[in-house]
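J.: Sharing a structure with you now.
No lab work stands behind these numbers, since they all come straight from the coordinates. Since we're looking at a predicted model, the values are computed, not measured. So basically every Cβ, Gly included, is an ideal-geometry build from the backbone, and we count neighbours across all protein chains shown.
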Amino acid sequence: MRHFGIIGYPLLHSFSAKYFNEKFEREKIDAEYSLYPMKALTDERMNELMGSLAGFNVTLPYKQAVIPYLERLDETAEVIGAVNVVHQRVGYNTDCLGFMQSIQPLLRDYDRQALVLGTGGASKAVCYGLRKLGVEPTLVSRTPRPGMFGYADLDAAVMAQYTVVVNCTPLGMLPDVDSCPAIPYELITARHLLFDCVYNPEETLFLRKGKAQGATIRNGMEMLTGQAQAAWRIWNKE
């Protein structure tokens, strides 16, 4: 039996465990997928997991912190600067592929600029994917640096120009379902596309507020499914 898993913290509502274990049962694959919640990364624990697992996923908050434990990154992960899949001590990023597959059918001709909420590992993959699709991203942070927006900067002119808004923060994720990023939802229109990397709950407060303004919305489930399928291909390549 091969063993796979996911590291991160917390992992109470992991999509990956349900997805892969159902896949293994359905396709009669002799494997299991387990959760490895870690409050901190340690050399001992990481070496143990890399020696015992055939492959593993990485989620919040370790998509960047895991990199020093790896021997190398593939080209995409190197450019993005974040990892969500590990195989034989090599880091990969499949978040970008899952994101691109999910959002591409929704993009309109006028979608040329995007606000990306958050500055963690997920936002790095999203920015990479948006640029590949011809949409220029700008990060939005509570503590903005040069080249970023702060939430207070999102006035009517900015919101009219940036028709795609992607939430890469955990705000709104179960159990914190009553929270959402502090964007001016009253300035959202039917010309906007709101994408939430959160998938649980299915419709976050961020998405509900956007839908109420007439925006097109999509949650992170297709992104998660796409990145998981890509991870499985990596784990099974020769």
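J.: Assuming R0 = 25 Å, can you tell me the calculated FRET efficiency for the pair GLU44 and VAL90, based on Cβ-Cβ distance, to the nearest 0.05?
T.: Approximately 0.75, to the nearest 0.05.
J.: What net charge do the residues around PRO137 carry, taking every other residue with its C-beta under 12 Å from that of PRO137, with Lys and Arg at +1 and Asp and Glu at -1?
T.: With Lys, Arg at +1 and Asp, Glu at -1, the net is +2.
J.: On to the next question. What does the charge add up to near ALA125, with Lys and Arg as +1, Asp and Glu as -1, over the other residues with Cβ less than 12 Å from its Cβ?
T.: Summing Lys/Arg as +1 and Asp/Glu as -1 gives +3.
J.: Follow-up question, since we're still on this one. With Rg and the Kirkwood Rh both taken from Cα atoms, where does Rg over Rh land for region 168-238?
T.: Rg divided by Rh gives 1.11.
J.: Restricting everything to alpha-carbon atoms, can you work out Rg to Rh for region 1-46 with a Kirkwood hydrodynamic radius?
T.: 1.04
J.: For the chain, modelled as a GNM with alpha-carbon contacts under 10 angstrom, which of GLY172, GLY214, GLY91 fluctuates the most?
T.: GLY214
J.: Which of rounded, prolate, oblate describes region 98-189, given a ≥ b ≥ c as roots of the alpha-carbon gyration tensor eigenvalues and a/c under 1.5 marking rounded, otherwise prolate only if a/b is larger than b/c?
T.: Rounded.
J.: Also: Contour minus end-to-end for MET221 and THR143, with contour as 0.36 nm per residue of separation and end-to-end as the Cα-Cα distance?
T.: Working it through step by step, the gained length comes to 25.2 nm.
J.: While we're here: So for the pair LYS28, ASP153, with labels modelled 7 Å out along Cα→Cβ, what separation do we get in nm?
T.: Label at LYS28, label at ASP153, 5.7 nm between them.
J.: Rounded, prolate or oblate, given the Cα gyration tensor of region 2-93, with a/c below 1.5 counting as rounded?
T.: prolate
J.: I'd like to know which of LEU35, LEU60, ALA215 lies farthest towards the positive end of the charge dipole of the chain, counting +1 on Cβ of Lys and Arg and -1 on Cβ of Asp and Glu.
T.: ALA215
J.: Can I ask one more? Run the count for the chain, please: Lys pairs, Cα-Cα under 18 angstrom, 8 or more apart or on different chains.
T.: 5
J.: So if I take the centroid of the Cα atoms in region 61-110 and the same for region 175-238, what is the distance between those two points in Å?
T.: So the separation of the two Cα centres works out to 17 Å.
J.: May I pose another question? Say R0 is 35 Å: what FRET efficiency, to the nearest 0.05, do LEU133 and LEU174 get from their beta-carbon distance?
T.: Efficiency at R0 = 35 Å is approximately 0.75.
J.: Next up: Using only alpha-carbon positions, what ratio does the radius of gyration of region 22-65 give when scaled by 2.2 N^0.38 Å?
T.: 1.37
J.: Using +1 at the C-beta of Lys and Arg and -1 at the C-beta of Asp and Glu, which of ASN47, GLY118, GLY91 has the Cα lying farthest in the positive direction of the dipole of the chain?
T.: GLY118
J.: Rounded to the nearest angstrom and ordered from largest down, what semi-axes does the equivalent ellipsoid of the chain get from its C-alpha gyration tensor (root of 5λ)?
T.: They are 32, 18, 16 Å, listed from largest to smallest.
J.: Please sort by residue number the trypsin sites (Lys or Arg not before Pro) in region 84-154 whose DSSP state is loop and whose Cβ has at most 13 other Cβ atoms within 10 Å.
T.: ARG89, ARG108, ARG142
J.: What's the magnitude of the charge dipole for region 1-157 around its Cα centre, counting Lys and Arg as +1 and Asp and Glu as -1 at the beta-carbon? Answer in Debye, nearest 20.
T.: 140
J.: While we're here: Quick check on the chain: of the DSSP beta bridges with both residues there, what percent are antiparallel, nearest 5%?
T.: Given both bridge residues lie in the chain, the antiparallel proportion sits at roughly 15 percent.
J.: To continue, here is another question. Under a Cβ-Cβ cut-off of 13 Å, what is the net charge of the residues other than ASN219 that fall near it, where Lys and Arg count +1 and Asp and Glu count -1?
T.: -1
J.: Hull surface divided by four, with the convex hull built on the Cα atoms of region 55-155: how many nm²?
T.: Convex hull of Cα atoms, orientation-averaged projection: 7.2 nm².
J.: Which value, in debye to the nearest 20, gives the size of the charge dipole of region 97-222 about its Cα centre, when Lys and Arg are +1 and Asp and Glu are -1 at the Cβ?
T.: So the magnitude is around 300 debye.
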